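What follows is a structure written as structure tokens; I'll ask about it next.
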Amino acid sequence: MIATMAGAPISIEHVGHGYGPLSVLHDVSLEIAAGSRLAVVGPSGCGKSTLLHLIAGLEQPLAGAISVAGGGLPERRLAGCALMPQDDLLLPWRSALDNAALPLMNAGVSRGQAREAALPLFRRFGLEGFEQEQPRRLSGGMRQRVAFLRTLLAGKGVLLLDEPFASLDALTREELGGWLAETLDQEPRTVMLVTHDVDEALRTCERVAVLSTRPGRLLLDAPSSHLSHNDVMEALRS
């Protein structure tokens, strides 16, 4: 298991947000227990990614309150979260190994020690033999695995995953979705996954929340075990 702080609870209370006259989120409340996984599904533009940025402390909500592990200040939230955006954002001049180890080096760990910590994980993540390759020589699925490994090595208790496989073809996306669920079983964290893929949401997370069209309002919040694909689609159409 990768060294990490314990999964931290997330509290979202009556959050509203927008940009100028554009209202993006309206009165959203969610409680996410430490170590649990929540998927957020909703149409494009409903505020899903904005919600992740707010949790991560990159922005401050215009209404309501958000806390991570009891800390509501933006810097406290930022310190407790690792955000994986839609694009892998790998540095093209660095090897896969050095990209994965980047959070450790940013934290002051020497390059040698950071590489030593990341190297054993390449086999587990299906990347053995590609440690020294630059990103341009990796497939899309392999790049996303490196990006996810980088996110895990940040050692944060909260993982915020913003449609991490949206740019991949359907077959690779399904394969990596199953891999992600298995990996998170082995590396328990508090996870919020934003996705358009209903099946991915049900397969990966214990709970699914559905947001309405903009401004995003909470339409559904229920355990995945109590939901079918049709249940989520019906909520999205409501």
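Every read-out reported here was derived from the displayed coordinates using simple, explicitly stated rules and does not represent laboratory data. Owing to the predicted nature of the structure, the values given are computational and were not obtained by experimental measurement. With ideal geometry, Cβ positions are generated from the backbone for all residues, glycine too; neighbour counts draw on all protein chains shown.
When DSSP beta bridges are limited to those with both residues in the chain, what percentage is antiparallel, rounded to the nearest 5?
Counting DSSP beta bridges with both partners in the chain, the antiparallel share is about 50 percent.
When only Cα pairs under 8 Å and 6 or more residues apart are kept, what is the percent relative contact order across the chain?
Dividing the mean separation by the residue count of the chain yields 29 percent.
Taking Cα pairs under 8 Å and at least six residues apart, what relative contact order does region 41-162 come out at, in percent?
Details: 151 pairs, mean separation 39.6, N = 122.
Result for region 41-162 is 32 percent.
Computed from these coordinates, which is Cα extents along the principal axes in Å: [x] 71, 54, 29; [y] 49, 39, 32; [z] 67, 41, 32?
Read-out from the structure maps to [y].
Roughly how tilted is helix 170-186, in degrees to the nearest 10 and between 0 and 90, from the longest Cα axis of the chain?
Helix 170-186 and the main axis of the chain meet at about 80 degrees.
Let me ask something additional. Any idea how far apart Tyr19 and Arg136 come out in nm if each label point goes 7 Å out from Cα toward Cβ?
Placing both labels 7 Å along Cα→Cβ, they lie 3.2 nm apart.
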